[in-house]
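Below is one structure, written out as structure tokens; the observations come after it.
Just so you know, all these numbers are worked out from the coordinates, no wet-lab data involved. Keep in mind the model is a prediction, meaning the values are calculated, not measured. Note that we place each Cβ from the backbone using ideal geometry, even for glycine, and neighbour counts take in every protein chain shown.
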Amino acid sequence: MGIKTFMNFLPKDTNGCPFLLLAPMEGVGDAPFRKAIASIGGFDEAIKDFLRVPKNAHIKSLAKVYIANEIAPIPLAAQIMGSDVELMAQMAIELENRGALHIDLNFGCPSKIVNGRGSGASLLKNPAILEKIAKRVVEAVSIPVSIKMRSGYHDISLFKENLLAAEGSGVKYITLHPRTKVQEYDSSANWALIAEAKSILKIPVVGNGDIFSLNDALRMLKDTGCDGLMIGRGALINPFIFNQIKSHFSKKEYKSFFCDLVKYLEKYICELADDIQMRTKINKLKQIMSFLFQGNEILLKNRMAVLSYKGTELQELMDLAIPFLKEGFEKC
Ligand SMILES: Cc1cc2nc3c(=O)[nH]c(=O)nc-3n(C[C@H](O)[C@H](O)[C@H](O)COP(=O)(O)O)c2cc1C
């Protein structure tokens, strides 16, 4: 398969904007968040948070959490994480049967439990096993498979080997979050490694890590030459970030309105499941708001006033937060 075919998997839009992906974020970036941010739009695909494939996995019942058309018409890829080659392949087949158009393999999760079981980032210690798992999944399904990885486990000594193993497996592209497992979220993502991956690989590389603004996005594209961008926390802090990037390329000014931010929060509330307790709903709304309040200094100074809310009414929490959000939004 030629490079051209690979590149077609992450097409630029008609204005030359690179493919934009919403990152998987287990816990925070759940279905209500995805549906809320999809109502704003601007990204080309989202990757669902990891579906763990444990040793004794009952594939069919585990796979039910994946709903292919959750944010249609925006595609939602399924991400799987595990170390049992055959079970990973079976899970990929099941997800394809459930309508997935793309499978992503998680070789980056830093969780202690996950790594203790030989999955996630711990596979970066063994490029041969990484390649074996990815190859078997690629063979098992007819849809494209990609890999999301960190730059290494303890250090980057196997960085090149892991990249070549990933490419050798036949995946369509890799997404690189250039921090090691032990770095978790410390220091800055080392974007120079994304540029290095580009120089080593023929398949496309999606850059990920610490994109918090349009300028960060443009700088990552320029400094690394990556083929697409994946944004996680930056989209929680600023749900308009994808539209801001897209409109930069279309040379049209993108004006976000405060009412759109309110609609985003209302959509989030509306999508919280009916059967979860009010206390949980309040905590989830606070969690989403806590990211919005990291948006700028004005918001940051009012963050605790909102997060310390002790009541039990979603509307009351909204009424408390909205004036602060409005002030921060209008002065940014
Ligand atoms: C709360 C949280 C949960 C995450 N869950 C996943 C996950 O399920 N799968 C995955 O590959 N990465 C996961 N990540 C990593 C992100 O996808 C992303 O690689 C990382 O946050 C760096 O990108 P960012 O700086 O744009 O946030 C998670 C990150 C956060 C903050």
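Screening GLU70 on (1) crowded, with 18+ Cβ neighbours inside 10 Å; (2) farther than 18 Å from GLY228 by Cβ; (3) within 16 Å of the ligand (Cβ to nearest atom) shows it passes everything except condition (1).
For the condition in contact (Cβ under 8 Å) with a residue 40 or more places away in the chain and polar (S, T, N, Q), what is the one hit in SER146, SER157? Only one candidate passes the filter, namely SER146.
Scanning segment 148-171 for residues that are surrounded by 22 or more Cβ atoms within 10 Å (Cβ to Cβ) and among the basic types (Lys, Arg), we see that the one that is nearest to the ligand (Cβ to nearest atom) is LYS148. Residue selection: ILE211 satisfies the criterion of being under 22 Å from SER146 (Cβ atoms) and free of Cβ contacts under 8 Å to residues at least 40 places away in the same chain. Within segment 224-243, being outside any loop (DSSP other than H, G, I, E, B) and more than 24 Å from ILE200 (Cβ to Cβ) holds for ARG233, GLY234, ALA235, LEU236, ILE237, ILE241, PHE242, ASN243. Looking at segment 320-329, can you tell me whether even one residue there is within 25 Å of the chain's Cα centre (by Cα) and closer than 25 Å to ASP210 by Cβ? Yes: segment 320-329 contains one or more residues that are within 25 Å of the chain's Cα centre (by Cα) and closer than 25 Å to ASP210 by Cβ.
When we screen PHE43, PHE33, PHE9 for residues that are assigned to a loop (DSSP other than H, G, I, E, B) and within 13 Å of the chain's Cα centre (by Cα), the only hit is PHE43. Scanning segment 193-223 for residues that are of a type in the set (S, T, N, Q) and either more than 14 Å from the ligand (Cβ to nearest atom) or assigned to a loop (DSSP other than H, G, I, E, B) (or both) turns up SER199, SER213, ASN215.
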